[in-house]
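Take a look at the structure set out below.
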Amino acid sequence: MSDLFAAIDIGASSGRVIVGHISEYEVDLHVVHRFPNGVIETNGSLHWDFDGLFAEVLVGLAAAAEHATAMDGQITSIGIDTWAVDYGLVDIRGKMEGRPFSYRDDRGTRHVAEVHELINPERLYETTGLQHLPFNTIYQLAAEQDLSGRQALLIPDLITFALTGVRRSEATNASTTGLFGAVSGELVGEFLAILDLPADLFAPLIQPGETIGKLSLDIAARTGLLATTIVVAVASHDTASAVVAIPAATKKFAFISSGTWSLVGVELQKPVLTEASRLANFTNERGVDGTIRYLRNVGGLWLLSESVRSWSGETPGSGAPVRQFDLPTLLDLAAAEPGNGPLINVDSDEFIAPGNMPARIRAAVSATGRDLGAGEAAVVRCILDSLAATYARTIREAAELSGQGVEVIHIVGGGSQNRLLCQLTANTTGLVVIAGPVEATALGNILVQARAAGAAPASLVGLRAIVAASHTTRRYEPVDESVLSAKTDYVH
Ligand code: ADP
Ligand code: LRH
């Protein structure tokens, strides 16, 4: 019988519960439940439907229990990862107040100036190493009225709490709040005091690999899982889990964790906290085993998915689309569009909120004095060309600012299936792109659980070798000769 581990992996656009089988140092995934996710609008604000997501988690865990029975085994442990930054407020009795806000709501933006008056951006960066994003937890917390007697649990910590009754702050995700030290990883109590936030706002830290607790009896009964099943802390920030599962054969790699966002950067052993790094808006997020993900958030496939949603006639939280769009067909049409078209700044704050994305893109192109051809394919091509150009610049800057050499780019996540974008990335960077696995995040989640159970190697290199052995990847060579000289720009 093999060891079975369940990953709950929820991204901003979809979630899944996956059972991983580890045997003979290979990992095999079985998706037992998938469900959509997206922001919902309530009273003019953007939220996540936490109760709806948790109901899907329970359906997924029940399916995992059934799968384990069919395999004549049992689920050893469960790990949870989701997007970062957002949180729910829980009172002393453990009751959550309302729905968690989404980072796509603009309440953080409205409190940036207030926070910077109390702690200037230079001090924030040298202490926390976090890139400035207007929705970082620190700005969202500044928007709260009264936090006394409340605890802020980030989304995976909320799910963990609902499953076990145990409150913890998982360390990789905590590093995205703007309130934890880049070097120490610990809460910066001084910042809480300056911002007049309660000293016990966050639950005690827990590191990936540590046991959080057993499932509550109620959850065990509702899912059919054994009451002895434990929840293990994984890298609960989805990007941190995705980077665990990069099938790298060299240390000199850059990564693009490609989904709703594109998280573009390199893996380091120490944070880079220089002024040049702050001005370039690179972040230092914590990974497993003391690693640092030195990266920048690039607007990502949100621009594409939101455009498709707009063309389909959907509005946030509404029902069925008016027109159906097939993504692979749309990408084929975009591939046939001429290259060297207009580019937009995919990182601009103007693209963060939901709603008529194609119109915003066309307006941004017009502002540069150029024009986009008619039709959807021209918009798609503009998004992908702009993403690929931004990837190249970001990887070059990450290499220069950190001194980390880059010989190859690994693209993981849903976006690794976008062949046009992978090829454009190889072309703009002049580097080989290795695409896959699609489910890197769930894999990273499962591997950290397996390691904690003694069923996988101790080192990150060993875990990545398992991924490389168990999953096929697709290789893209740069084909545009004109950019090959760009290779010299990457630090070796
Ligand atoms: P998240 O974790 O942020 O929810 P995912 O890693 O699931 O995101 O990636 C979702 C993205 O993957 C979609 O927005 C879409 O652009 C891309 N994608 C999904 N399926 C395909 C496909 N068959 N071909 C190309 N791209 C795809
Ligand atoms: C990707 C992600 C990213 C964060 C963003 C909020 O899913 O976790 O790393 O910056 O969501």
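The values are calculated or read from the model by the stated rules, or taken from the named source; none is laboratory data. Since the model is a prediction, treat every value here as computed from it, not as a measurement. Methodologically, a virtual Cβ is constructed for each residue, glycine included, from the backbone with ideal geometry; neighbour enumeration extends over all protein chains shown.
Things to note:
- The residues in the stretch 172-218 that are more than 21 Å from Leu89 (Cα to Cα) and hydroxyl-bearing (Ser, Thr, Tyr) can be counted, and the count is 2.
To keep it simple, each residue is scored yes or no on (1) out of contact with any strand residue (DSSP E or B) (no Cβ under 8 Å at 6 or more places or on another chain); (2) surrounded by fewer than 21 Cβ atoms within 10 Å (Cβ to Cβ).
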residue	(1), (2)
Val19	no, no
Phe35	no, yes
Glu41	no, yes
His47	no, yes
Thr69	yes, yes
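- Enumerated strands (runs of 3 or more DSSP E) restricted to the stretch 39-87, each holding at least 2 residues that are within 16 Å of ligand 1 (Cβ to nearest atom): 75-82
- Counting residues in the stretch 299-312 that are crowded, with 19+ Cβ neighbours inside 10 Å and more than 16 Å from ligand 1 (Cβ to nearest atom) gives zero.
Residue by residue, here is whether (1) farther than 18 Å from Leu263 by Cβ; (2) away from ligand 2 (no atom under 16 Å from the Cβ); (3) of a type outside the set (S, T, N, Q); (4) in contact with a Gly (Cβ under 6 Å, 6 or more places away or on another chain) holds:
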residue: Tyr87; (1), (2), (3), (4): yes, no, yes, no
residue: Met96; (1), (2), (3), (4): yes, yes, yes, yes
residue: Tyr103; (1), (2), (3), (4): no, no, yes, no
residue: Val115; (1), (2), (3), (4): yes, yes, yes, no
residue: Ile119; (1), (2), (3), (4): yes, yes, yes, no
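- When the test is whether a residue is under 30 Å from Glu41 (Cβ atoms), surrounded by fewer than 16 Cβ atoms within 10 Å (Cβ to Cβ), at pLDDT below 95 and aliphatic (A, V, I, L, M), Ala374 does not pass it.
- Some residue of the stretch 109-129 being within 24 Å of the chain's Cα centre (by Cα), touching a residue at least 40 places away in the same chain (Cβ under 8 Å), within 19 Å of Ser348 (Cβ to Cβ) and not in a helix (DSSP H, G or I): no
- Restricting attention to the stretch 243-258 and to residues that are surrounded by 24 or more Cβ atoms within 10 Å (Cβ to Cβ) and not β-branched (Val, Ile, Thr), the residue that is nearest to Ser13 (Cα to Cα) turns out to be Ser258.
- Those helices (runs of 4 or more DSSP H) of the stretch 169-285 in which at least 3 residues are over 19 Å from the mean Cα position of the chain (by Cα), considering only elements entirely within it, cover 189-194, 217-223, 275-279.
- Unique residue being crowded, with 20+ Cβ neighbours inside 10 Å and under 21 Å from Ala442 (Cβ atoms) when the list is Val90, Val31, Val57: Val57
- Count - residues of the stretch 14-68 that are more than 27 Å from Ile352 (Cα to Cα) and free of Cβ contacts under 8 Å to residues at least 12 places away in the same chain: 2
- Filtering the stretch 8-27 for residues that are within 16 Å of ligand 1 (Cβ to nearest atom) and among the aromatic types (Phe, Trp, Tyr) leaves an empty set.
- Members of the stretch 422-446 found to be hydroxyl-bearing (Ser, Thr, Tyr) and away from ligand 2 (no atom under 16 Å from the Cβ), listed by number: Thr425, Thr428, Thr429
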